[in-house]
Amino acid sequence: MDSVDDMYDTNNVDSSEDFYSEDDNTATASDEDDSEGDDLIMEAAKKPLKPQKQNYAILSEADIGELQKKDITVVSDALKISEGSASIILQHHNWSEPNNFIHDTWFCNQEKIRKAVGLPEETTPIPDVTVRIKCRICLEECPRDSVDAAACGHPFCNSCWKRYITISINDGPGCLVLRCPEPSCGAAVVKEMIKKHVDDDDAISWQKYGRYLVRSYVEAKQNKIKWCPAPGCDYAVKFDIGRIGTSGISNDVKCDCSYGFCWSCAEEAHRPVDCATVAKWILKNSAESENTNWILVNSKPCPKCKRPIEKNHGCMHMTCTPPCNFQFCWLCLGAWSEHGERTGGHYACNRYETAKQKGAYDVTERRREMAKNSLERYTHYYERWAANQKSRQKALADLHQMQAVQLDQIREKQCQIHGQVMFIIDAWKQIVECRRVLKWTYAYAYYLPERERVKREFFEYLQGEAESGLERLHQCAEKELEIYLNEGLSKEFDEFRTKLAGLTSVTKNYFENLVQALENNLEDVDSKGGCSKVAGAGSKSFGEGCSKGSGKRGKRAASRSGG
């Protein structure tokens, strides 16, 4: 398991430690505390996890097509026009709500709209003649049943229509606003006509056209429907904007492809951190600012050519790279020709020490020190952010392995029905979600002002409690589960089920407390430095946690958060 604790030399969660006891000052939990912690887990295991309120629906392309068809049918029936004509009109108006469009737009500007989309009120038919009709593209004379035309009546042979439509579809979404091939004509080529010429012989082109049409519907309704941003995913999400801000409702979306993202900014799901903080953090991770700080901390400019030079070992005698080749002292940056035994030799510089005592390097050194502190602080949070991301990816892979292979193996070896082993999947899903939340708490901590000491202490306490609970759950789901996966029928499996389900519930409560506190911007902390009691299984008030800050858990939480 890619544990953050293992990577950063924090105290591992000992399975014998009474994590849920009320006394943190003792290194070894008492029997009474063990009993109390076990009772808490047992009690939590009996309580079903509360389902998260969902304010969105996952839509396949077929589902979107049905929504689109309903809108088209409403307009088609109301205006007594073909579905193809209704589709072109709605698309021209960004797929507006059909009833509003009909009453507020169509009847006021019918003539103007028809002209804009290329739908004349009267259709000009092709003359019904016995003589052959000349195609206006290939100039071949064709029989009447081999010629077709849009509403404008300009005749073209079916072969030319097929080539014209197929090429337009292959060129991209512009085929949705296809016009008559006649250069001076703006008549629209409607959906029915496109289907007539490509559906039977070229199913691929017709499927492309349908996909373009569906995508135009989604792209026009970005305030209600968005595509899942995961690579290769064809699902869309319909979001109930009106429910944002309701208790238990968030911007996070979980697509059927298993990818989670934020509806507002389309970044990876980042609750409880707001979109502005995520944007700043992502920009900082990709920006050159930290590279500049690293150069400032770990290099000095050549006194002659000003190129930065890194000193990673050796004496103070530096030689710049060709073509400069300037030799200088690393400490005072003076020419090396003026240095020697009299100035301190190769590993010291008397001139630098004398000038430093006079304050000659104060500004430079202070600047380097500030850059060093800034870089170390950023590195501290970034490494933990990245480590939790790595742990989450590993946990996600373990979840998929459990679902695909191991769950059936456990069910068979322990003689359980499918529903009796689903608690294992619930535990792994909780681990994956908690790793995601924990990852973003480090971005939150980076931007939490240093001067807000009480808030930082409260945050570190909540983060430490949540992280410790997660480590215990992860250890149980990964290590203890191996016993029942590798061995035969065990009488202790029922006890393991109760324990893992209880840990899942308790850990969920810890993280719900953490998420709620961060979403409220740690407003539970009052002006006097106290805070309200954090509700949930196994939680204690911040005041109690602070008073026992010298205990084992308090040190572990502080070491993890690094505040």
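The values are calculated or read from the model by the stated rules, or taken from the named source; none is laboratory data. Since this is a predicted model, take the numbers as computed values, not measurements. Note that we place each Cβ from the backbone using ideal geometry, even for glycine, and neighbour counts take in every protein chain shown. Only protein heavy atoms, including side chains, enter the accessible area calculation; ligands, DNA and RNA are left aside. Shrake-Rupley method; radii C 1.70, N 1.55, O 1.52, S 1.80 Å.
For the stretch 325-342, enumerate the residues that are in a loop (DSSP other than H, G, I, E, B) and surrounded by fewer than 13 Cβ atoms within 10 Å (Cβ to Cβ).
ASN325, GLY340
Give LYS80, LYS112 a once-over and let me know the one that is without any contact (Cβ under 8 Å) to a residue 12 or more places away in the chain and within 23 Å of SER216 (Cα to Cα). Let's see the steps before the verdict.
Working: LYS80 fails: within 23 Å of SER216 (Cα to Cα).
Answer to the check: LYS112.
Being under 16 Å from LEU176 (Cβ atoms) and over 34 Å from the mean Cα position of the chain (by Cα) is the filter here; which residues of the stretch 88-101 pass it?
Once the filter is applied, which keeps residues that are under 16 Å from LEU176 (Cβ atoms) and over 34 Å from the mean Cα position of the chain (by Cα), the stretch 88-101 yields ILE88, ILE89.
Anything in the stretch 123-168 that is touching a residue at least 24 places away in the same chain (Cβ under 8 Å) and among the charged types (D, E, K, R)? List them, or say none.
Of everything in the stretch 123-168, those that are touching a residue at least 24 places away in the same chain (Cβ under 8 Å) and among the charged types (D, E, K, R) turn out to be ARG136, ASP148, LYS162.
Those residues that are open to solvent by 40 Å² or more (accessible area, probe 1.4 Å) and closer than 15 Å to HIS380 by Cβ, I need them from the stretch 434-489; list them, please.
Hits for the stretch 434-489 are TYR447, GLU450.
Among the residues that make up the stretch 270-286, is at least one of them at pLDDT 85 or above and more than 30 Å from ASN373 (Cβ to Cβ)?
For the stretch 270-286, residues at pLDDT 85 or above and more than 30 Å from ASN373 (Cβ to Cβ): present.
Show the residue pairs meeting these rules: Cβ distance below 9 Å; 6+ apart or different chains; first residue within the stretch 400-423 and on the phi > 0 side of the Ramachandran plot; second residue open to solvent by 60 Å² or more (accessible area, probe 1.4 Å) and outside any helix (DSSP H, G or I).
CYS415/LEU489
Please go through the stretch 59-112 and pick out each residue that is open to solvent by 50 Å² or more (accessible area, probe 1.4 Å), on the phi > 0 side of the Ramachandran plot and not charged (D, E, K, R).
Answer for the stretch 59-112, where residues must be open to solvent by 50 Å² or more (accessible area, probe 1.4 Å), on the phi > 0 side of the Ramachandran plot and not charged (D, E, K, R): just ASN94.
Please indicate, with yes or no, whether at least one residue in the stretch 160-179 is open to solvent by 40 Å² or more (accessible area, probe 1.4 Å), touching a Phe, Trp or Tyr at 6+ places or on another chain (Cβ under 8 Å) and of a type in the set (Ser, Thr, Tyr).
So in the stretch 160-179, the residues open to solvent by 40 Å² or more (accessible area, probe 1.4 Å) come out as 162-164, 167, 170-171, 173-174, 177, 179.
Add one more test, that the residue is touching a Phe, Trp or Tyr at 6+ places or on another chain (Cβ under 8 Å), and what stays is 164, 173.
Filter again for of a type in the set (Ser, Thr, Tyr), leaving 164.
Yes, because at least one residue in the stretch 160-179 is open to solvent by 40 Å² or more (accessible area, probe 1.4 Å), touching a Phe, Trp or Tyr at 6+ places or on another chain (Cβ under 8 Å) and of a type in the set (Ser, Thr, Tyr).
Among the residues of the stretch 81-88, are any outside any helix (DSSP H, G or I) and modelled with pLDDT of 90 or more? I'd like the intermediate steps shown before the answer.
Going through the stretch 81-88, the residues outside any helix (DSSP H, G or I) turn out to be 81-82.
Then keep just the ones that are modelled with pLDDT of 90 or more; that gives 81-82.
Checking the stretch 81-88: at least one residue is outside any helix (DSSP H, G or I) and modelled with pLDDT of 90 or more.
Could you identify the single residue in GLN414, GLN406, GLN389, GLN393 that is closer than 16 Å to CYS434 by Cα and open to solvent by less than 50 Å² (accessible area, probe 1.4 Å)? Give the steps one after another, and end with the answer.
Details: GLN414 fails: closer than 16 Å to CYS434 by Cα; GLN406 fails: closer than 16 Å to CYS434 by Cα; GLN393 fails: open to solvent by less than 50 Å² (accessible area, probe 1.4 Å).
The unique qualifying residue is GLN389.
Quick grid of which residues meet (1) over 19 Å from MET422 (Cα atoms); (2) among the hydroxyl-bearing types (Ser, Thr, Tyr):
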| position | (1), (2) |
| --- | --- |
| LYS455 | yes, no |
| TYR461 | yes, yes |
| HIS474 | no, no |
| LYS479 | no, no |
| ASP494 | no, no |
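Quick check on the stretch 518-535. Is at least one of its residues open to solvent by less than 40 Å² (accessible area, probe 1.4 Å) and at pLDDT 75 or above? Before the answer, list the steps.
The first filter runs over the stretch 518-535 and keeps only residues open to solvent by less than 40 Å² (accessible area, probe 1.4 Å), leaving 518, 522, 525, 529-531, 534.
Filter once more, so that each one left must be at pLDDT 75 or above: 518, 522.
Yes, there is a match, as at least one residue in the stretch 518-535 is open to solvent by less than 40 Å² (accessible area, probe 1.4 Å) and at pLDDT 75 or above.
Looking at the stretch 264-285, I want the residues that are crowded, with 18+ Cβ neighbours inside 10 Å and have a partner that is aliphatic (A, V, I, L, M) with Cβ atoms under 6 Å, at least 6 apart or on another chain. Which pairs are those?
HIS270/VAL278; PRO272/VAL515; PRO272/LEU518; VAL273/ALA443; TRP281/ALA443
Please verify whether ALA501 is closer than 30 Å to ASN373 by Cβ and in contact (Cβ under 8 Å) with a residue 24 or more places away in the chain, treating the condition exactly as stated.
Numbers: closer than 30 Å to ASN373 by Cβ: no; in contact (Cβ under 8 Å) with a residue 24 or more places away in the chain: yes.
No: the conditions fail for ALA501.
Which is surrounded by fewer than 20 Cβ atoms within 10 Å (Cβ to Cβ) and not in a strand (DSSP E or B), of TYR212, TYR217?
Working: TYR217 fails: surrounded by fewer than 20 Cβ atoms within 10 Å (Cβ to Cβ).
None of the other options fit; the residue is TYR212.
When you go through ILE424, ILE431 one by one, which is the residue that is modelled with pLDDT of 90 or more, in a helix (DSSP H, G or I), over 23 Å from ARG271 (Cβ atoms) and out of contact with any Phe, Trp or Tyr (no Cβ under 6 Å at 6 or more places or on another chain)? Explain how you work it out, then say what you get.
Values: ILE431 fails: over 23 Å from ARG271 (Cβ atoms).
Checking each option against the conditions leaves just ILE424.
Which residues, taken from the stretch 398-414, are among the hydrophobic types (A, V, I, L, M, F, W, C) and either within 16 Å of the chain's Cα centre (by Cα) or modelled with pLDDT under 90 (or both)?
Within the stretch 398-414, the subset among the hydrophobic types (A, V, I, L, M, F, W, C) is 399, 402, 404-405, 407, 410.
Within the stretch 398-414, MET402, ALA404, VAL405, LEU407, ILE410 meet the criteria.
Out of the stretch 221-242, which residues are outside any loop (DSSP other than H, G, I, E, B) and modelled with pLDDT of 90 or more? Steps first, please.
Step one: of the stretch 221-242, the residues outside any loop (DSSP other than H, G, I, E, B) are 225-227, 236-239, 241-242.
The answer is ILE225, LYS226, TRP227, ALA236, VAL237, LYS238.
Looking only at the stretch 352-370, decide whether some residue is at pLDDT 75 or above and of a type in the set (D, E, K, R). Break it down stepwise before answering.
Taking the stretch 352-370 first, the residues at pLDDT 75 or above are none.
No, the stretch 352-370 has no match at all.
In the stretch 491-498, is there at least one residue being open to solvent by 20 Å² or more (accessible area, probe 1.4 Å), among the β-branched types (Val, Ile, Thr), at pLDDT below 90 and over 23 Å from ARG271 (Cβ atoms)? First the steps, then the outcome.
So the first thing to find is which residues in the stretch 491-498 are open to solvent by 20 Å² or more (accessible area, probe 1.4 Å), and the list is 491-492, 494-495, 497-498.
The next check asks that each one be among the β-branched types (Val, Ile, Thr); those that pass are 498.
Those still in the list that are at pLDDT below 90 too: none.
No: zero hits.
Please verify whether VAL405 is touching a strand residue (DSSP E or B) at 6+ places or on another chain (Cβ under 6 Å), among the β-branched types (Val, Ile, Thr) and not in a loop (DSSP other than H, G, I, E, B), treating the condition exactly as stated.
Working: touching a strand residue (DSSP E or B) at 6+ places or on another chain (Cβ under 6 Å): no; among the β-branched types (Val, Ile, Thr): yes; not in a loop (DSSP other than H, G, I, E, B): yes.
When the stated conditions are applied, VAL405 does not pass them.
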